[in-house]
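Structure first, then comments.
Computed from the coordinates by the stated procedures, all read-outs in this text should not be read as laboratory data. The model shown is predicted, which means the values in this text are computed figures rather than measured ones. Cβ atoms come from the backbone with ideal geometry, glycine included; neighbour counts cover every protein chain shown.
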């Protein structure tokens, strides 16, 4: 796969300030603006255009990351995206968001049909990825595009995914890649599926670039032993709703390490390098050793 050149311009000379993002050979432009800096964003001409946007924050009760995805057309006052953000800023029901990301174009080429299509696709992609709680109440209308225009929008989306990810939000990226059948796929670096089998647990997991993922459909132990670290106990409490009465995970869950994942599944302090094994019975620890040895040759 060919590399991509992404340009990040720190408009305030600091990573926590306003950021402009462009991508080589892409007509799109993205901005990441903290909510506390909306007023200083008034001078950005591109934010007065038509486009789509994402509001990011954290839910109070669950402490889960949340996102709202919307569209903004230019109003009679000649203002587009920024004007819509200011409306959200005054909306007491959207108190939770702390940062906003705008997606528009350098030539202001989006019309109402294009932004409706993008809003619909981005919302559905975020729901499918299942990393964030999507705060949109209803599924946006997709609109009717010609085949040519739809192909153009899909190309815009593919670049937008890269840009939004580069800005720190993997809102469109699932924890693990899946095949069209819904089954988990092997990772790009050939990471195999790993299994945890015991009298009380039957789980499937996979190492990723972010950590270790226990996959939906895994059965975890209903018994918690004293050796289970406090932080893993808290994770069991946090994910109680998706575990269910039958102790089966309803969604993929990301952990910082294989041992944290093993403790979550087994209900005790366990070594992930020993517990997690391939279908052939090779432990993760031996798998890592074998891979390292091959890399050195």
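Could you work out which residue, out of 100, 126, 245, moves most in a Gaussian network model of the chain, that is, has the largest mean-square fluctuation with Cα springs under 10 Å?
Ranking 100, 126, 245 by mean-square fluctuation puts 245 first.
For helix 284-296, what angle does its Cα long axis make with the longest principal axis of the chain, in degrees from 0 to 90 and rounded to 10?
It works out to around 70 degrees.
Relative contact order for the chain: what percent, with Cα pairs under 8 Å and sequence separation of 6 or more? Can you show the working numbers first?
Numbers: 533 pairs, mean separation 35.6, N = 297.
Once divided by the residue count of the chain, the mean separation gives 12 percent.
What is the calculated FRET efficiency for residue 279 to residue 162, with r their C-beta to C-beta distance and R₀ = 35 Å, to the nearest 0.05? All intermediate terms of the calculation are to be shown ahead of the outcome.
On the way: r = 33 Å, r/R0 = 0.95.
After rounding to 0.05, the efficiency reads 0.60.
Using the Kirkwood radius over C-alpha pairs as Rh, can you work out the diffusion coefficient of the chain via Stokes-Einstein at 4 °C, viscosity 1.567 mPa s, in µm² per second? Let's see the in-between values first.
On the way: Rh = 21.4 Å.
So the translational diffusion coefficient is about 61 µm²/s.
Sort 265-277, 57-69 by the packing proxy (mean of other Cβ within 10 Å over each peptide's residues), most packed first. Write out the running numbers ahead of the final one.
Values: 265-277: 21.1, 57-69: 15.2.
Ranked from most to least packed, the peptides come out as 265-277, 57-69.
Stretched out fully, how many nm does the piece from residue 109 to residue 173 gain, at 0.36 nm a residue minus the Cα gap? Spell out each step's value before the answer.
Values: separation 64, 0.36 × 64 = 23.04 nm, distance 2.66 nm.
Taking residue 109 through residue 173 to full extension adds about 20.4 nm, to one decimal.
Mind checking which of 70, 211, 281 has the largest fluctuation in a GNM of the chain, springs on alpha carbons under 10 Å?
Top of the fluctuation ranking is 281.
For region 194-296, just the Cα atoms, rotate onto the principal axes and tell me the three extents in Å, largest first.
Reported extents, whole Å, longest axis first: 45, 27, 25.
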